[in-house]
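Down below is the structure, laid out as structure tokens.
Each reported figure results from applying straightforward, stated rules to the coordinates on display, with no laboratory input. What you see is a predicted model, and the numbers here were worked out from it, not measured in a lab. Here the Cβ positions follow ideal geometry from the backbone for every residue, glycine too, while neighbour counts run over all protein chains shown.
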Amino acid sequence: MSDRRTELEAAPWGGRTRRYDLIKEGVVAVVIIAILAAVLSTLFGSPDDKQITFKDWAVSAPADFYATSVQELAGTSGTAGYGAPYNTASDGVNLGPLHLAKIMGVTHPVDTVNDFVITPLTTVSNAAPVADALKLWQASDAKQQSTWATNYDTALTKANQDASKVPTGDYGPVPELAAGLLTMAQAGSLDGALLSQGNYFQSDNTKQTLFLGDGSYFNDQSTASNLQGDTWGMMNETGRYPGQAWLWLYSFWYQIPPFNNEDNHPFGANADAWIMVIMGGLSLGLIIMPLIPGVRSLPYKIKIHRLIWKNYYQEENL
């Protein structure tokens, strides 16, 4: 049997043939797939809403925007305390003794005080009280600035982000700066001011995304659209490339223990690093699969091809 099989495999094809219209079959396949794609995307497609702007945020949730601006000045926002690659505020995620982010260092520096608040405000008119507030802030040292911002951030938090209920205190120009940035955002000019920082042609949306993520509005919109990680939500990224559908395998690990237990397990607190290692290992395994003894011979042992072409093997008695 083995000798006959070898002889048949080496000889030119002598079996039956039939006409096959490749173009016709291709057109039919494309049409069927197009119809299925249209129907399934209509029934199960993810939302493709317009991008959220700072104007949307400032108009829809002014108190949240105002409070977040104060947090950026006080250094209490998520971005301000994130660590590498944005700043040195924390060590970042680790794999045991290896602090990966710290080892890589600050490669994309973000100064929340200046990048998110002060620099954008310098692009607007010099009318009081914003101009006066900027002059007072810039004339003060870092310690005084931190004291003002921390005092106001604490008071605003206790007042549940209601600036009208904040008692009188040593806040310096912080209330005026936050109010000025709110007005700027509501007018729609903050988006352009943040994007214009850096090169003339700017396609890096990191700072805008970080600023948006520091507040509650962006997260609330994600929850309302069922786009949170625990609902496996997906939608197009900025620029519609590369999209997020291919990220499902990464997202999967965040839904299971111990990676979804950030507070009570070291793997959860460092899930990003561990999942990166897992996915790297799986990707490497896929790449070197043809070189792994035993694994590379599985197709011959499982013989799925004989099931697919069973009629042929039965007729040829192989």
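Given the options Leu249, Leu212, Leu177, state which has the largest fluctuation in a GNM of the chain using a 10 Å cut-off (strictly under) for Cα springs.
Top of the fluctuation ranking is Leu249.
Can you give me the pair-distance distribution of the chain, C-alpha pairs, 10 Å bins, whole percents?
Going from the shortest bin to the longest, the percentages are 5, 17, 23, 20, 13, 9, 7, 4, 3, 0.
When we measure straight from the Cα of Lys301, which lysines land under 21 angstrom away, once same-chain ones fewer than 8 places off are left out?
Reachable lysines: Lys310.
Using only helices, what value at 222 nm comes out for the chain when you add -39,500 (n - 2.57) per DSSP H run of length 4 or more and divide by the total residues, to the nearest 500 deg cm²/dmol?
Calculated at 222 nm, the ellipticity per residue is -15000 deg cm²/dmol.
Using a ≥ b ≥ c from the Cα gyration tensor of the stretch 54-237 (square roots of the eigenvalues), is it rounded, prolate or oblate, where a/c under 1.5 gives rounded and otherwise the larger of a/b and b/c decides, a/b for prolate?
Rounded.
Say R0 is 30 Å: what FRET efficiency, to the nearest 0.05, do Gln228 and Thr154 get from their beta-carbon distance?
Computed FRET efficiency for Gln228 and Thr154: 0.55.
Past 27 Å, Cα to Cα: identify those pairs from Lys143/Lys207; Lys55/Lys207; Lys102/Lys158, in the order given.
Too far apart for the 27 Å limit: Lys102/Lys158.
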